[in-house]
Amino acid sequence: MAIKYSELVIEHFKNPHNVGTIDNPDAEATEGSPACGDQLTVYLKVDPETQKIEDIKFQSYGCASNIATASIITDLALGKSIEEAKKITWKQASEELGGLPPVKMHCSVLAVDALRSAIKDWEKKNLGKQFDESLTKKNVEKALQKVIYGKVGVDIISLKLVKYIGIDDENNVVIELAIGKDDSFLDDVKHEIMERMEKFDNIGSVKIALV
Amino acid sequence: MSEKEVYLDSCKTTKLAPEVLDAMMPFLKNKYWYPGSFTSIGTEIAEVIEQAQQTVAKTLNTEPEEITFTSGGTDANNIAIQGIMQANKERGKHFICSTVSHPSVLAVFQGLEKLGFEGTYISANKDGYLDLDELRDAIRPDTVLAAFTHVNHILGAVQDAKAIRKILDEADQKIYLFMDSCEAYTKVPIDVQDMGIDAISISAHKFNGPKGNGILYTKKGTKIRQTQFGITRVFKLKPGAINIPGIVGSAKAVELAFKDFDKTIAYYRELQKLLYNQLLSRIPDSILNGPPLGERSPAHLNVTFRYIEGEAIMMMLDFENIHVDTGSACSSENLKPNYIMMNTGRTHEESHGSVRFTFDRFVTREGILRTVDVLERTVAELRRRSPLGKKES
């Protein structure tokens, strides 16, 4: 079956909005990495009084949908308050673009992730907020909500593909996945899980078992 | 898309040459008969098929009866590989293939492994050349077949069939050599006798022939079992309906490709050099993938543009009616980077930003120059958007 982009994706890819950097940004965040095939950096300028996003820019290393989703989330966030911008979801970003092919849904997740990380960066710096980013079952589950199963374009938690999350005293993590060993997306899902788990400080080994 | 099409993806498929269509038309419209004996219509078609076999045989330095027309390259791969493995299974169940073979060949071997056959996959170096020491080590007393892709479709490396044959001949038993020459045929000279090749697969649509038409060469005396069964009118290994317009079209495409073979190859080399020189001089941080120009397939170039991603490049070119291919994971169905790039020691990033350009006889100098113009703009624009590579500039 042919994978096709919507006209809006094509338009945002051809003429993306808010590309570039901000000198002395109030906050910034990078998600993804060249080794994973896509990377996005978001820069923010926030009015300290109103807490509104005055300016937002992005730089993207990635495919057409990566660029298009970055373009749309920066459009959606511009002019919004920090609290409003936090509520932008990857599903919303995809809908605003007239939908994304399932295999490309992870681009929308990356875009929203980069936006939320930039907002967190701002909250840490300006509001002194602390975030619980420790290695807990709850946080692992939260991280796995960002792993998309490319065949259907939905995250592995919503799809109930994660059957068990275990963390032992030495911070070794076991994740049981209900995905067939011959599934063509298995490697991608594993890769994404590892990428998400690497972000936890002091994490031990990560074992992904198929059940 | 108002601009004239520039199609640089012959390794995927090519357009039908007008002369090929002209040759096929009478057999689609009026000469719809089947081959047979005694009748005028039957013998006319039988002779047309014989003529087509002769045309192909001449280009491979072999005999017409060793040529079978199939329904594509994959069909030819299956008939040859499965047929040889099945026919010789009392002698052995081991085959040798490589980690850089074409997916259509690997798929046949994966199928055979499920049936109890065993394989050794030898590796290749960074340019895509097979490790011949590994080949030597891989040979077992029960090895029956070695099968390789002649021209690597991603890196353009031309495997040395003669050197492979020499190593296979060091074994105590006969080891058949099969070459998937779908990308090699019409681009590099193939002499099956000189190279010691026992079977070859060819695909007509890679050189301006009709789609769904393949050619199989099997050396006389090769122990091969039928894998398809039905009514055998002409080809023992390929029973069933005979695609006569396809056979005629394939033979015409062969004839056209070999009419001025040396001249055509020189033309490909000129285009390749032009594209390479222009790209590397005008676009910084471009890296050639695969062997240097003089060594690689003349109709093939693969370049990585650093800091950006290939699907985006491919789409930008598509907007301008220029068509190429990429090794980017983003353009694959399951988000995996190209396995040949990864198996030859490249990084995900190098595979990701790689673009493959492959030629047929309709590619022009003007087309190449327009491609470079558009690429120069595209790469600059995508790099402007990219967070990578900034510190170095």
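Just so you know, all these numbers are worked out from the coordinates, no wet-lab data involved. The structure displayed is predicted, hence computed values, not measured ones. As a convention, Cβ positions derive from the backbone with ideal geometry for all residues, glycine included, and neighbour counts pool all protein chains shown.
Quick notes
- For B:Phe69, B:Phe229, B:Phe362, the sequence from fewest to most other C-beta atoms within 10 Å is B:Phe229, B:Phe362, B:Phe69.
- 222 nm mean residue ellipticity, helices alone, for chain B (DSSP H n ≥ 4; -39,500 (n - 2.57); rounded to 500): -12500 deg cm²/dmol
- Between region B:71-148 and region B:27-70, the Cα center-to-center distance that results, in Å: 31
- Helix B:310-319 vs. chain B, principal-axis angle (Cα, 0 to 90°, nearest 10): 90
- Residue of B:Lys29, B:Lys206, B:Lys236 that the Gaussian network model of chain B assigns the largest fluctuation, springs spanning Cα pairs under 10 Å: B:Lys29
- DSSP finds beta bridges in chain B, and of those with both partners inside it, around 50 percent are antiparallel.
- Residues A:Trp122, B:Trp33, sorted so that the one with the fewest Cβ neighbours within 10 Å comes first: B:Trp33, A:Trp122
- Of the beta bridges in region B:33-259, as assigned by DSSP with both residues counted there, near 40 percent are antiparallel.
- Using a 4.7 Å Cβ-Cβ cutoff, the cysteines of the protein assembly as shown lacking any partner cysteine are A:Cys36, A:Cys107, B:Cys11, B:Cys97, B:Cys182.
- Euclidean distance of C-alpha centroids, region B:322-393 and region A:32-55, integer Å: 27
- q = 0.08, 0.10, 0.14 Å⁻¹, chain B: log10 I(q)/I(0) [Debye, one scatterer per Cα]: -0.44, -0.68, -1.22
- Each 10 Å bin from zero holds the following percent of Cα-Cα pairs in region A:7-127: 15, 51, 29, 5, 0.
- Note, ³J(HN,Hα) from phi for region B:218-224, Karplus 6.51, -1.76, 1.60, rounded to Hz, x at Gly and Pro: 10, 5, 3, x, 5, 7, 9
- Converting phi to 3J(HN,Hα) with the Karplus coefficients 6.51, -1.76 and 1.60 and the offset θ = phi - 60°, region B:190-196 yields 10, 10, 5, 6, 5, 7, x Hz in sequence order, with x at every glycine or proline.
- Taking the longest Cα principal axis of chain B as reference, the axis of helix B:103-114 is set at about 60 degrees.
- Fraction of beta bridges assigned by DSSP in the protein assembly as shown that are antiparallel (%, nearest 5): 65
- Computed over region B:33-259, the alpha-carbon pair-distance distribution with 10 angstrom bins reads 8, 35, 36, 17, 4, 0, each value a whole percent.
- Cα centroids of region B:255-305 and region B:202-254: 30 Å apart.
- Placing one equal scatterer on every Cα of the protein assembly as shown and applying the Debye formula, the log10 ratio I(q)/I(0) at q = 0.08, 0.11, 0.12 Å⁻¹ is -0.66, -1.09, -1.22.
- Close amide-amide hydrogen proximity is noted between B:Asn289 and B:Asn302, B:Val303, B:Thr304, each under 5 Å apart and 5 or more residues distant or on a separate chain (H modeled in the peptide plane; Pro and chain starts excluded).
- The 3J(HN,Hα) values that the Karplus relation (6.51, -1.76, 1.60; θ = phi - 60°) gives for region B:250-256 are, in residue order, 4, 5, 5, 4, 5, 4, 5 Hz. Gly and Pro appear as x.
- When the listed pairs B:Lys166/B:Lys336; A:Lys124/B:Lys336; A:Lys91/A:Lys190; A:Lys91/A:Lys199; A:Lys125/B:Lys336 are checked against a 32 Å cut-off, the alpha-carbon distance exceeds it for B:Lys166/B:Lys336; A:Lys124/B:Lys336; A:Lys125/B:Lys336.
- For chain B, a Gaussian network of Cα nodes joined below 10 Å ranks B:Ile231, B:Ile122, B:Ile283 by mean-square fluctuation, and the top entry is B:Ile231.
- Overall dimensions of region A:137-210 as given by Cα atoms, namely Rg and Dmax in Å: 11.5, 35
- Residues whose placed amide H lies under 5 Å from that of A:Ala27, excluding near-sequence neighbours: A:Leu44
- Our summary gives region A:7-127 a relative contact order of 30 percent, counting only alpha carbon pairs under 8 angstrom and 6 or more residues apart.
- Measuring r between the beta carbons of B:Ala241 and A:Ala2 and using R0 = 30 Å, the FRET efficiency lands at 0.55.
- On the beta carbon distance between A:Asn171 and A:Lys86, with R0 = 30 Å, the FRET formula returns roughly 0.55.
- Descending Cα extents along the principal axes, region A:52-211, whole Å: 47, 38, 24
- Taking amide H as placed 1.01 Å from N in the peptide plane, B:Glu118 has its amide H under 5 Å from the amide H of B:His94, B:Phe95, each at least 5 places away in sequence or on another chain.
- Rg followed by Dmax, in Å, when region B:149-242 is reduced to its Cα trace: 14.8, 42
- Checking the Cα-Cα distances for B:Lys89/B:Lys219; A:Lys104/B:Lys4; A:Lys14/B:Lys4 against a 25 Å cut-off, the pairs over it are A:Lys104/B:Lys4.
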